[in-house]
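Have a look at the structure below before the remarks.
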Amino acid sequence: MYKFRPKTLFLGQKINYLPTCQSTNDIAASLITGETSLDGTVVITDQQTAGRGQRGNQWEAQPGQNLTFSVILQPSFLQPNEQFWLNIAISLGISDWLATHLNDRLKIKWPNDLYVEQRKIGGILIENTLYGYSIAWSVVGIGLNINQTRFQTATATSLINETPNEYDFVLPEALPSLLESLEKRYLSLRAGQRDVLKTNYLQRLFRYQEESDFISGGERFRGMIVGVEESGRLAIQVGEKLRSFAFKEVEFVIE
């Protein structure tokens, strides 16, 4: 089905298509065992029966309506404490592609989501395998709501919902340009262009430098996102105090 090949050096040159599977991340991880030539391999499916998102949440996706896939990467140029840089590159690659349809309405919500205004359009789940002082393998799970029009939650949306003048997107034709955007940002990271990546990331960061409500440890407070630390911790100015939060330590209040 996915016979269209992207104009890339390596990302997406090998595509494993499965009509249905439990989780593309799990399939991709199983391929890594004993293999050495999987860099850039894509595992894609029409239906995930046990797809998962950040915090262990289930990913809601109707069969055949969205892009649900995983990419295998070998970012051995990154040390374990630099894992968030991969998150930055992947987030930007996806947002570059979505922004061609959504312009500046598309935002990157720390740490792993893509939002259109107050609604989620996509998510990322990166699972790394460490070896010594480097990241040996990364399985990058990506779920993007494309043609699905109805959701169980009011905080979800899709590309077709946000671009009412568009016809349904043909998923096999859409995938190559998305993979090209991903590879471009990944190669920028590999080339050490971190300043540009960080600047672009902050420019698209959801609620960056805006007064917002958050919850941490059951406490609701008001603050302003002022940056993201090298470790990936979110820096929030709360009154005169600068606080930083790791994954799962803080939640956005979205109403």
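Kindly indicate the residue of region 67-96 that is over 10 Å from Gly232 (Cβ atoms) and out of contact with any helix residue (DSSP H, G or I) (no Cβ under 8 Å at 6 or more places or on another chain) and also most open to solvent (accessible area, probe 1.4 Å) among those meeting that condition.
Of everything passing the filter in region 67-96, Gln79 is most open to solvent (accessible area, probe 1.4 Å).
One line per residue, one yes/no per condition, for (1) part of a strand (DSSP E or B); (2) open to solvent by less than 10 Å² (accessible area, probe 1.4 Å):
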site	(1), (2)
Asn103	no, no
Lys120	yes, no
Ile124	yes, yes
Thr129	yes, no
Ala136	yes, no
Val139	yes, yes
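Given the options Ile225, Ile215, name the one that is within 19 Å of Leu114 (Cβ to Cβ) and not hydroxyl-bearing (Ser, Thr, Tyr). Working first, answer last.
Working: Ile215 fails: within 19 Å of Leu114 (Cβ to Cβ).
Ile225 is the lone residue from the list that is within 19 Å of Leu114 (Cβ to Cβ) and not hydroxyl-bearing (Ser, Thr, Tyr).
What number of residues in region 74-101 are more than 15 Å from Ser181 (Cα to Cα) and either in contact with a Lys or Arg (Cβ under 8 Å, 6 or more places away or on another chain) or among the hydrophobic types (A, V, I, L, M, F, W, C) (or both)? Full working, then the answer.
Going residue by residue through region 74-101, those that are more than 15 Å from Ser181 (Cα to Cα) are 74-85.
In the following step, the residues that additionally are either in contact with a Lys or Arg (Cβ under 8 Å, 6 or more places away or on another chain) or among the hydrophobic types (A, V, I, L, M, F, W, C) (or both) were identified as 75, 77-78, 84-85.
The number of residues fulfilling the criteria is 5.
Given Thr163, Thr157, which one is open to solvent by less than 40 Å² (accessible area, probe 1.4 Å) and either of a type outside the set (S, T, N, Q) or closer than 16 Å to Ile108 by Cα (or both)?
Numbers: Thr163 fails: either of a type outside the set (S, T, N, Q) or closer than 16 Å to Ile108 by Cα (or both).
Being open to solvent by less than 40 Å² (accessible area, probe 1.4 Å) and either of a type outside the set (S, T, N, Q) or closer than 16 Å to Ile108 by Cα (or both) holds for just one of Thr163, Thr157, which is Thr157.
It is to be established whether one or more residues within region 188-198 are more than 30 Å from Gly40 (Cα to Cα) and crowded, with 16+ Cβ neighbours inside 10 Å. Spell out how you get there, then give the answer.
Applying the first criterion (more than 30 Å from Gly40 (Cα to Cα)) to region 188-198 yields none.
The answer is no, given that none of the residues of region 188-198 is more than 30 Å from Gly40 (Cα to Cα) and crowded, with 16+ Cβ neighbours inside 10 Å.
Output yes when any residue across region 204-221 is open to solvent by 70 Å² or more (accessible area, probe 1.4 Å), out of contact with any strand residue (DSSP E or B) (no Cβ under 8 Å at 6 or more places or on another chain) and assigned by the TED database to the domain that holds Asn147, and no when none is. Full working, then the answer.
Here is the first cut: in region 204-221, the ones open to solvent by 70 Å² or more (accessible area, probe 1.4 Å) are 209-211, 217-220.
Imposing the further condition that a residue be out of contact with any strand residue (DSSP E or B) (no Cβ under 8 Å at 6 or more places or on another chain) reduces the set to 217-219.
Checking the rest, the ones that are also assigned by the TED database to the domain that holds Asn147 come to none.
Scanning region 204-221, I find no residue that is open to solvent by 70 Å² or more (accessible area, probe 1.4 Å), out of contact with any strand residue (DSSP E or B) (no Cβ under 8 Å at 6 or more places or on another chain) and assigned by the TED database to the domain that holds Asn147, so the answer is no.
Can you name the number of the only condition in (1) over 25 Å from Gln83 (Cβ atoms); (2) free of Cβ contacts under 8 Å to residues at least 40 places away in the same chain; (3) open to solvent by less than 60 Å² (accessible area, probe 1.4 Å); (4) assigned by the TED database to the domain that holds Gln83 that Val170 fails?
Every condition holds for Val170 apart from (3).
The values are calculated or read from the model by the stated rules, or taken from the named source; none is laboratory data. What you see is a predicted model, and the numbers here were worked out from it, not measured in a lab. As a convention, Cβ positions derive from the backbone with ideal geometry for all residues, glycine included, and neighbour counts pool all protein chains shown. Side chains are part of the model used for accessible areas, which takes the heavy atoms of the whole protein and leaves out ligands, DNA and RNA. Shrake-Rupley method; radii C 1.70, N 1.55, O 1.52, S 1.80 Å.
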